[in-house]
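Worksheet: one structure, shown below.
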Amino acid sequence: MRRELVAWLAFIAIAALLPLALASDPYLMLLANVMLMFMALALSWDVVARTGQLSLAHGAFFGLGAYTVAIGHKYAALPPLAGLAVAGVVGAIVAVALGGVTLRLRGIYFAIATLAFGEVLRTVALQVPDVTGGTIGISMPPLFGGDRVASYYLAGAIFLLALALSLGVRYTRAHYAVTAIRTNEAVAAVMGVPVVLTKVLTFVTAAVIATLAGAFYMPFITHTDPHDAFEVSRSVAALAFPIFGGIYTSVGPVIGTVVLRSLEEYLRVTPPWKEGYQVVYGAVIVLAVLFMPRGLVGLASRMRARLSRRPEARIPILGSGR
Amino acid sequence: MEALPQTLFFGVLRSGLYALTALGLAISLGVIGVVNFAHGEFVMLGAYIGFWVYLLLSGPLDLGPAVSPLVIALGIPLSAGALFVLGRGVFRFTLRPLLSRPELDQMLLTFGMAILLQNLVSIVLSPQAQDASLGWRFELLPLPGGAISVTYARISAFAVSMALVAATYVLLARTRLGKQMRAVAQNRLGAMVVGIPVDQVYEVAFGLSLALAAAAGVTLVFQTQVSPFLGLSTILKAFSIVVLAGLGNLFGVVWASLLLGVSEQVISQYVPDGSALRDGLFFLLIFVVLLARPGGLGRAR
């Protein structure tokens, strides 16, 4: 635990100093902002996965945050930071409603409902143009007057929140609760773990972080519309990153974000991939689930075990086993 | 504004495609216990096979008015057959090894597969939606009375869907294979004990599920554009029907489809600005059913 925390402090220190090196390059600064935001998405998705639940609504909450800030600014002249706070509250309320109904039931209901949720938000955004601006969407002036260093630290704050959640769940009693639930819900309940409450709490916290990420992104790029805000690709990214890097860890989602998001930057402008770059995410998910269940982190620990010629560290694949 | 009989009739027609798609999904969910998030993408693949059959028949062969019936007569067996084989392969090499792993892994696999397929098709073919200008899409069926008018395409798509659904029910209810599937669905361990080759039954069930998806895809060619991204809206409605019917209740799928199809049609006709409500109806249904009767509306079989 100590070693991991020291490593994270070093990472945070380097990340905090990064603008010194990048501030002169607007493109790299933009990428740094977006990276932090996606790290927050990936970390928070992973926390939900630790309870064995598949959330496909991360993109939807992201869009919800974007629209909350945009609508707040358009109708109440709400400044971006105030909008961010309001978005957090809105995200929490919606997540309690969605999670409260579906997390009492088998995991598949939750997964299905979260997938449908994004489509419904998109439909609503399209069908009430008086409020949402319809297909055209809503624009607002840039965050901090377009100062990408300032916005970098705001994104960093959201990232720290996600990291705190991820490490907090790992190094407190919550770790045993979520692991027990993931392994076998019935047994967890018998042992006295408040199953539904734990699942709802992790989902709501994670959803709030996703909402905040969207609330940051909207004024950062100054525009939102139904197509962009509720893009399924963002939900896909939020889960492809942790799966590739290493699910159920804090390092994994961060490494996964850096590697895959950089690759995406390249593919997006390279034919024949372009818009179809997501094929890579699909392939990564399928291959990782089949052949690399703990992602890069799992691979690394297996390699290290082999190099030090110690007996291979057994990585338990937790499951009920049918 | 349409008259009520016309609205109800269109609602019923709409439910045919829903039933066919949802039945395939319900089989993989009920028999194998796997949520196939890629089911909509397999509908999409089936639709492309149907579309290619159309291109072949109308382009190089130039069969004129015979194209429409031939797309059904050739397209459905071809695409269903292809996806049956594909389904068995997909099950054997990807899903089978994951059956002993947590549900999360299985869902991630099929979701990843969905993303993979839709983007692969959009890269290899084209992200653009394509249209088959089949004669039957516009020709009206001469009906006496004049209260109802309908195109050949809609009525034949409905008839084919219902015939396939009925055939699947006969398979499930009357044949040895169907009996085995229902046994495995009820109790995997019990089925094993009495000597049913469970893995083999799973594999065939998954193939069947994909074959139904493919057939649904071909009927889609008659009704709308074919696009790599048609899977998502398809599967969301299918999910809501399966939830409505109750997981594992294969025979409730038809009634649930009828409920969704007719209410969508009625809402879009009689509720002012109802298109938002119509497109969101499936989610409302999921939400209300899960809140009130998580086991589904029908009695569990």
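Annotations
- Cα long-axis angle, helix A:251-267 against chain A (0 to 90 degrees, to the nearest 10): 50 degrees
- Degrees separating the helix A:295-307 axis from the principal Cα axis of chain A, which is the longest one: 40 degrees
- Theoretical FRET efficiency, 1/(1+(r/R0)^6), r = Cβ-Cβ of B:Ala129 and B:Gln200, R0 41 Å, to 0.05: 0.60
- Rule-of-thumb Rg ratio for segment B:79-140 [Cα; 2.2 N^0.38 Å; N residues]: 1.60
- Counts of other chain beta carbons within 10 angstrom of each beta carbon in peptide A:284-294 average 5.
- Among A:Ala13, A:Ala206, A:Ala155, the largest mean-square fluctuation in a Gaussian network model of chain A, built with springs joining Cα atoms closer than 10 Å, belongs to A:Ala13.
- Segments B:168-176, B:246-254, A:170-178 sorted - mean Cβ within 10 Å per residue, highest first: B:246-254, A:170-178, B:168-176
- Three principal axis lengths of segment B:19-231 [C-alpha, angstrom, descending]: 56, 42, 31
- Kirkwood-type radius of chain A, with distances r between different C-alpha atoms, in Å: 20.3 Å
- Helix A:107-127 axis, angle to chain A major axis (alpha carbon atoms, nearest 10°): 10 degrees
- Listed residues B:Gln265, A:Phe244, B:Val150: farthest to the positive end of the dipole of the protein assembly as shown (Cβ charges): A:Phe244
- Partner shielding of B:120-132 amounts to 2, given as the average count of beta-carbon atoms from other chains within 10 Å of each residue beta-carbon.
- When the alpha carbon gyration tensor of segment B:151-297 is reduced to an equivalent ellipsoid, its three semi-axes come out at 31, 20, 13 angstrom, largest first.
- Over the protein assembly as shown - Rg/Rh using Cα atoms and the Kirkwood inverse-distance radius: 0.98
- Kirkwood hydrodynamic radius (C-alpha pairs) into Stokes-Einstein, segment A:51-136, 37 °C and 0.692 mPa s, D in µm²/s: 239 µm²/s
- Axial C-alpha extent at least 27 Å, average Kyte-Doolittle at least -0.5 - helices from chain B (DSSP): B:4-27, B:39-58, B:103-124, B:152-174, B:198-221
- About the centre of its Cα atoms, segment A:2-230 shows a dipole size close to 760 debye [charges on the beta carbon of Lys, Arg (+1) and Asp, Glu (-1) only; nearest 20 debye].
- With the charge dipole of the protein assembly as shown set up from +1 on Lys and Arg Cβ and -1 on Asp and Glu Cβ about the Cα centre, the Cα lying farthest toward the positive end among the listed residues A:Gly52, A:Val279, B:Pro228 is that of A:Gly52.
- Dipole of chain B computed with +1 at Lys/Arg Cβ and -1 at Asp/Glu Cβ about the Cα centre; of B:Val43, B:Ser68, B:Gly274, farthest Cα towards the positive end is B:Val43.
- Rounded to the nearest 20 debye, dipole of chain B from Cβ charges on Lys, Arg, Asp, Glu: 1020 debye
- Structure-based [θ]222 nm, the protein assembly as shown - -39500 (n - 2.57) summed over DSSP H runs of at least 4, per residue, nearest 500: -23500 deg cm²/dmol
- Normalised contact order of segment A:130-283, rounded percent, pairs of Cα under 8 Å and 6 or more residues apart: 25 percent
- Per-residue shielding of A:43-56, expressed as the average number of other chain Cβ atoms within 10 Å of the residue Cβ, stands at 2.
Laboratory data are not the source of any read-out in this text; all were calculated from the coordinates shown. Note that this is a predicted model, so its numbers are computed, not measured. Neighbour counts are summed over all protein chains in view; Cβ atoms, including those assigned to glycine, are modelled from backbone coordinates with ideal geometry.
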